[in-house]
Every structure is written in C-alpha cells, then in structure tokens.
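Every number here is computed from the coordinates shown, using simple stated rules; none is lab data. Fair warning: this is a prediction, and the values are worked out from it, not measured in the lab. Here the Cβ is made from the backbone with ideal geometry for all residues, glycine too, and neighbour counts use every protein chain on show.
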Ligand SMILES: Cc1ncc(COP(=O)(O)O)c(C=O)c1O
C-alpha cells in the first residue's frame, strides 16, 4: 500500500516525541539527517556555556573547580549517560575522545586477560577502532595478534581460548546493522574473553543495556545522538567488577588516588576515576550536560520506537518513490535489526548528496559510494522524511551528477 504525505502528517500528530523538536535550534525549512555525525544544537546550550564562562569562570574563577562542581563533572555526566545506556552509577566517566578511551579500554582488558594474546575486531568497523587496536597491540609489551573478521554470522567461531579481547561496534557506522550485544557478550564470556563495545552510533538512539548484558568495557562519543556539540568529550564505561584490577596506560594525575598530594609515585584511584588522565575541557563538558538535558522526560524505549519507525518509513518511501534507479539500501531491511541511520549505495552518491544539501536536506557521503542519512528521533519528523525522499527523487530525476557544480572536489566529511 502506497504511503502519501498526509499519512506522514498523521504519523506526526500521533508522535509522543513531537514536542522535543522545540528543544533544538534548526534553521526553518532544513531537514537535518546528519545527527549521527554531529547532533543539532540544543536551544539552551549557548546560555548554559555562557553562564559557565561569565559567572563560573568570569566571577568565581578558580573557586569554580569546587563551587561549580568542575572536579566532579566527568563522573556526574558519566552517571547521566549511564541512565541512557543501562549502566548503574559510578561506572562511566566523560573524558577525552572515543579514540583515546578505546586505547585505555583495550590496555585495561589486555592487562586483565594477560595470559591470552589475540584481539578480534570487525573489519568493517570505524577505522579509528582498527588503528587503535593496532597501536594498543603494538604497545602491549607482549606479542598480540589481531584477527579481523568480516562475517558476523560465523564470528563467534573465532572465540577461541587464545583470544583476550573482542572489540565491536554495536551499530555499524556504514550499514547501520545492529549487533546482538547480549548474545555476543555471552558467547565471548563463555570463551573467557573480555568485550569492548563502541556505542558511538547507539548511545542516545536506542536502548542499550550495558549492565544487563554484562559488558566489560564500552566507549562512545557525545557529539552524535547525545547532542553534546562538535568535538565534545567522549565517555568510557568499565564494569564495576573490573575497577580494582584494571590498569590504564595514560595514568595521569586525574586518575591518581590523591591528585593534590602531588606525590612522585602513581597510585591509581579507586573506581571509574581510574579511567581519567588529565584536566578536562570544562566548557565542552558543559555542552555535554546541555545535550543530555534534551532527553529530559523521554524514555529510551520511546526513542527506539520512533527511530525504528523513521528508518522504516525512509526505506519504504525510497523503495516506493525511487524504484527506477539502481539504489541499493545496504544492511538489514528490517528496522529492528538496525540503528538509527540508513545508507544507500549508489554510483552517483556524492553529487546526489551535495545537491540534496543545496535543497535543504543534509545527509552525508561515505566513500566509495554511500549516501548516509541519520534519523535523530528527538528532532526529525515523519513529514521531514517525506520531504527528504521527495528531494532525493527530484535530484535523481534531474540527473544532478551531470552538473559539474556537484562534482567531488574535497575529501572532507560530507
Ligand atoms: C563508530 C565510531 N567509532 C569511533 C569514532 C571516532 O571518534 P573520535 O574521533 O571522537 O575519537 C567514530 C567517529 O565518528 C565512530 O563513528
């Protein structure tokens, strides 16, 4: 049965998250389908950062480390993220970036599983993860092999007794495919393996249950679905049972048991603070807090429901409207089995994405030929999905790839 614009408007009327769109600053008429790369600006972020600058920094100056809670912010924000990713308090800190946090987590896991010498990862995962695995293996102080798998269906066959650590993304950054965190973690543990999950494309977009799945370590960014702002600090989760034994390699003074003793020797802090390294960017942390405020009064379950509905609508409309073009939606066709973005392989993907951006629909392009569209449930409406697919079709009908204005000139991002 064909879907029409009126159907999409009706979906919006029935949407329990509709009011959340008003929490964000998005230019009128713009359809922003790139929140999986950089989340939109929450309305109150500028005022909140301005307050930190003018009052906490400008007036209270150094007193603010205590008075405004700057010292504790990494853990306070970590607990707030914990509420969105199923982690009890005291297991997450917000600090550094995903790349650095992954390095810390791999080192910690290799240290715990010290008698095993292999890391398994997915070949299709985000390159920084693979580069960091190489770097962490190379600096582990023992010979560590790396096995990159590319077939998830047989992945657990590689979970052999020599494997120390598995590193996986819960949602693949290209295909959007969603891994079964609970089952894979269970299989890893059955084989005595520790697991690290990259939550960059899942935190804030779907219901993650770190504690319930008995995950060992997790890392993720706050600038995508958590709306923390460009380059906002990332987070790292370590399950409580590892806190006393984990060692991380960037053992700076913020992870010292008594940083203000200024002792010559390093003694690690108790608990998750052990994952900190040095002073954190307070203004950026303030942006993370403002981003998390956009989740106020909203359940992750309702976010997941809407995310699946948006993805399904987009895929159905692309199939309905653009069937004469050789567009190939990659990854699972069932939105139950994907995160909150959809990628379409198309030979003219780059010029089509550029032309769509010019018409007010921002997605992004991932080499070699993927048009990628992210659906942030807090601010995307069903009618916007209709409009986006209409514009996609319009660009295809206009054969925009024949227009030199949309030819590829830069290697950067979109
Ligand atoms: C899945 C995934 N992991 C890791 C990263 C890298 O994060 P960062 O550059 O913040 O360290 C990204 C960035 O987009 C990502 O998508």
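So how long is each side of region 71-293 along the principal axes, counting just the alpha-carbon atoms, biggest first, in Å?
47, 39, 28
Provide the gained length on full extension for the span residue 44 to residue 262, in nm with one decimal, where the gain is 0.36 nm per separating residue minus the Cα-Cα distance.
Roughly 74.7 nm would be gained on extension.
Can you give me the Kirkwood hydrodynamic radius for region 1-122, using every pair of distinct Cα atoms, in Å to one decimal?
19.3 Å
Per-residue ellipticity at 222 nm for the chain, helices alone: DSSP H runs ≥ 4 residues times -39500 (n - 2.57), over residue total, nearest 500 deg cm²/dmol?
Dividing the helical sum by the residues of the chain leaves -9500 deg cm²/dmol.
Just to be sure I understand: of the beta bridges DSSP finds with both ends in the chain, what percent are antiparallel, rounded to 5?
55 percent
If I build a Gaussian network model for the chain, linking alpha-carbon pairs within less than 10 angstrom, which residue out of 283, 378, 61 has the largest mean-square fluctuation?
Of the options given, 61 has the highest mean-square fluctuation.
Going out from 0 in 5 Å bins, what whole percent of all Cα-Cα distances in region 201-259 drops into each bin?
4, 14, 20, 21, 17, 17, 7, 0
May I ask for the angle, rounded to the nearest 10°, between helix 73-85 and the longest principal axis of the chain, with both axes built from Cα atoms and the value confined to 0 to 90°?
Computed tilt is about 50 degrees.
What is the spin-label model distance, in nm, from residue 189 to residue 240 if the labels are put 7 Å beyond Cα along the C-beta direction?
1.4 nm
Kindly identify region 364-414 as rounded, prolate or oblate by the Cα gyration tensor criterion: order the square roots of the eigenvalues as a ≥ b ≥ c, call it rounded if a/c is under 1.5, otherwise compare a/b with b/c, prolate if a/b is larger, else oblate.
Verdict is oblate for region 364-414.
Taking every DSSP beta bridge that has both residues in region 71-293, what percent is antiparallel when rounded to the nearest 5?
Bridges in region 71-293 are about 35 percent antiparallel.
How big is D for the chain, in µm² s⁻¹ as a whole number, if Stokes-Einstein is applied with the Kirkwood radius of its Cα pairs at 25 °C and 0.890 mPa s?
110 µm²/s
Return the equivalent ellipsoid semi-axes of region 189-346 as a descending list in whole Å, where each equals the square root of 5 times an eigenvalue of the C-alpha gyration tensor.
Value: 39, 19, 14 Å, ordered largest first.
Students often check this: by mean Cβ neighbours within 10 Å, which of 28-39, 117-128 ranks highest, and how do the rest follow?
Order by mean packing, descending: 28-39, 117-128.
Take peptides 401-408, 71-78, 99-106 and line them up by average Cβ neighbours within 10 Å, highest first, as a rough protection proxy.
99-106, 71-78, 401-408
How far apart, in nm, are two points set 7 Å out from the Cα along the Cα-to-Cβ line at residue 25 and at residue 67?
In this crude label model, residue 25 to residue 67 measures out at 2.7 nm.
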